[in-house]
Each structure stands twice: as C-alpha cells, then as structure tokens.
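The values are calculated or read from the model by the stated rules, or taken from the named source; none is laboratory data. Computed from a prediction, not measured in an experiment: that's the story for all the values here. In this analysis, Cβ positions are derived from the backbone assuming ideal geometry, glycine residues included, and neighbour counts consider all displayed protein chains. Just the protein is used for accessible areas: all its heavy atoms, side chains included, with ligands, DNA and RNA removed. Shrake-Rupley method; radii C 1.70, N 1.55, O 1.52, S 1.80 Å.
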Amino acid sequence: MLRRFSIIRVFVLIAIIVSGLSAATAAHADDACAAADSEGCSFGLPTFQYQALLGQMLAHPTPNVRPLQIDQNELTAFAFYKLVGGATPLYDAPNGNQVDTLNAGFNYVTVISRQGDFVQISPGRWTTSKYLAATRASDYGGVLIDEKPAYPMAWVLLPTKPSAVPGVKPADGTPITLRYTRVNIFATKTVGSWDWYLVAPGQWLEQRRVARVLPTARPDGVKGRWVAVDLYEQVLVAYEDDRMVFTTLISSGLPKWDTNIGVFHIWARSHSTEMSGAMGRPDFYSLQAVPWVMYFDHDISLHGTYWHDGFGYRHSHGCVNMSITDAHWIFQWTSGFYFDTNVDVWSSGQYS
C-alpha cells in the first residue's frame, strides 16, 4: 500500500465559534474526551461542542459540489493492453523473424490486428497474446464548484471504517466508507502525530485516509483562469481569479522524480501523444496515446491517465496525472486561454 506523506503539526485548543465554521481541538495525554465513554463528552468532543455541530452535520451530509459527467465512450477509446511477463519479443510477421525486443517495464499498446495467437501492436511489429493483459481507464472524476463550499471538503483515499472517537479502533460492524467518497470536515482533532477529521455524526477519519481540498492565495501577477496543484494533499483546484470552480485528485511525481514547485505557464498542448523514458532501466515506460496533454514545466505536463487508478497518491515521473475525464475538462476549459493559463505547484505541508 502506498503511504501518505508525513507531517507533525501542533494545534492549540480553540472553542467553536460560529455556526458554519468547523471546530478544531488538540488532543493531549490528559484529554478528557479521549475515551469512548468519557463523561460529559460525545464522540470525542465536549457534549456541548458536539451538539452544536450535530445540526450542521445532519443538514450538510455531503459537500455542495457537482460531479463531472463521465463519458464512458471516451474511456472505452483508451482501453489499452498492458505488456506483461518481462521483456517482450517483437516479430516482423506472425510466425516471422524476431526483429526487436521491448524492454520490461511499464508498457501499454493498442492491438491493430490479430492472426491466431499473434497480435500486431505497431506497423511491422507483432508479438503473442500471452504478453498482453487488457486494461480499462479509471471512471473517477472530479467535481465542479458552483458556490463557495460550506465546509472544508475531502476525498476518502482508502476504504475505511470511521472511528467514533479520534484515535480509537472502530467498533465491530461499523460500515466501510468507500474510496473516492466525498466528505465535509466539521471538526479537527490531533491525536499523536496525526489529525483526525469529524466527517459525519460519530464518524472520525485519520488524515492519512483522506485528501483535503485546501485553498491557496492567487500568485502575484496571475489572473483569469489558473490551476493550483497541492503536492501534499495530491489535489488540483482550478480557479477563475480567486473563485474555485473545479477540484479533483491527482498523482504527481514519485520520490526522485518530484514535480517541481513554482508558478508556470501552459506553453504547449496536444490531444494525445506518445510518452516513453528510462530506457534500459527497471522503471522503463512506453505509453501510447497519452490524452489531453498540457505542458507547463519543460516536458512536465498535466495529462490524462489510463494506466492507473491511484489518484490521491504520487505515481508519476514528474507529470501531474489526472483521470481522463478530469484532464479532458481542464483541456477544454483552458482552450483559447492556455498561453495565459498558469499552473501553481505548491505544497500545503512537508512531504517525502
């Protein structure tokens, strides 16, 4: 399982202020509400504080956002085959001469034609079907933000049983909250090195299980349409001036291939392009028809991704991976504006 980024934060105990704002508390060794049966407490908070939040949680069970429509026909167009089983021999014809070998690695291809057990993957290049495994692009998609979110929003990253009290094991029989579920954050409490978020009545999730949508200030000189990429939370937010209009999960560069922090311009675009790299190394990759590509930092780009469903975790060689649905939306949204579209890559916390 991929790990979330590490961070140690210290929060000061504050009281709940006005309706509509989330509460934040810090858990200490002498926290009176640390146990499930603490007197005067409800679900990890002082009862008066929890009761003040309860009406808000019941009135706002999900974030006030609008999911993007998923185009299943477009996903089908990116149903590639993954090459498996190590180095792949390539032949000039069915039962022909071996003319090349494709290095073992992260390789995806299309099938042009078939003859018996042989498949053609490019002009004059054939291999056998035992090296191919069918794949399908993720049907995950982000959300449109039509009005200011009433509460901080997050996605659940892993199927999780919420805890009734921060830092306490979930009760037997607790229903699982599924991956990609969107939740509001009504209160935050720190237990040890990690924050816990109250996302529904009696339901707390630890921060490593979720990715939050955090606003960031518009960089100096940036105006109109721009995109912010938070490397810590692995979340992208699209803005029109200071207004959030769209947000989604992404996958940025792995350690040793970090996505650079800074403010960039989208300088070139392509509906689709082939990407390959790391020739001769264990991390070799060859990807046909990468869709909705927007270059912003030399050869680093925002682009659609058909080869994984790991959004919310680092996964790339430096590019910002998005679902095909999300990349298509950003591509269209920046059409006619892309030379004026900035990409602000930042981090809301320390990551490694």
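Here are a few things to note about the model shown:
- Residue within segment 112-124 that is among the charged types (D, E, K, R) and farther than 30 Å from Ala238 by Cα present: yes
- Selection status of Tyr108, at pLDDT below 90, open to solvent by less than 50 Å² (accessible area, probe 1.4 Å), outside any loop (DSSP other than H, G, I, E, B) and in contact with a strand residue (DSSP E or B) (Cβ under 7 Å, 6 or more places away or on another chain): yes
- Looking across segment 216-259, the residues that are farther than 24 Å from Arg66 by Cα and among the polar types (S, T, N, Q) come down to Ser252, Thr259.
- Subset of segment 45-66 (residues that are of a type outside the set (A, V, I, L, M) and under 29 Å from the mean Cα position of the chain (by Cα)): Gln56, His60, Pro61, Thr62, Pro63, Asn64, Arg66
- Positions within segment 161-197 being touching a helix residue (DSSP H, G or I) at 6+ places or on another chain (Cβ under 7 Å) and either farther than 20 Å from Gly349 by Cβ or surrounded by fewer than 17 Cβ atoms within 10 Å (Cβ to Cβ) (or both), in sequence order: Phe186
- Of all residues in segment 111-146, those satisfying the criterion of being open to solvent by 50 Å² or more (accessible area, probe 1.4 Å) and either part of a strand (DSSP E or B) or closer than 30 Å to Pro67 by Cβ (or both) are Arg114, Gln115, Arg125, Ala134, Arg136, Asp139, Asp146.
- Looking across segment 28-73, the residues that are open to solvent by 50 Å² or more (accessible area, probe 1.4 Å) and among the acidic types (Asp, Glu) come down to Asp30, Asp37, Glu39, Asp71.
- Test: Thr216 is more than 17 Å from the chain's Cα centre (by Cα), at pLDDT 95 or above and not basic (Lys, Arg): yes
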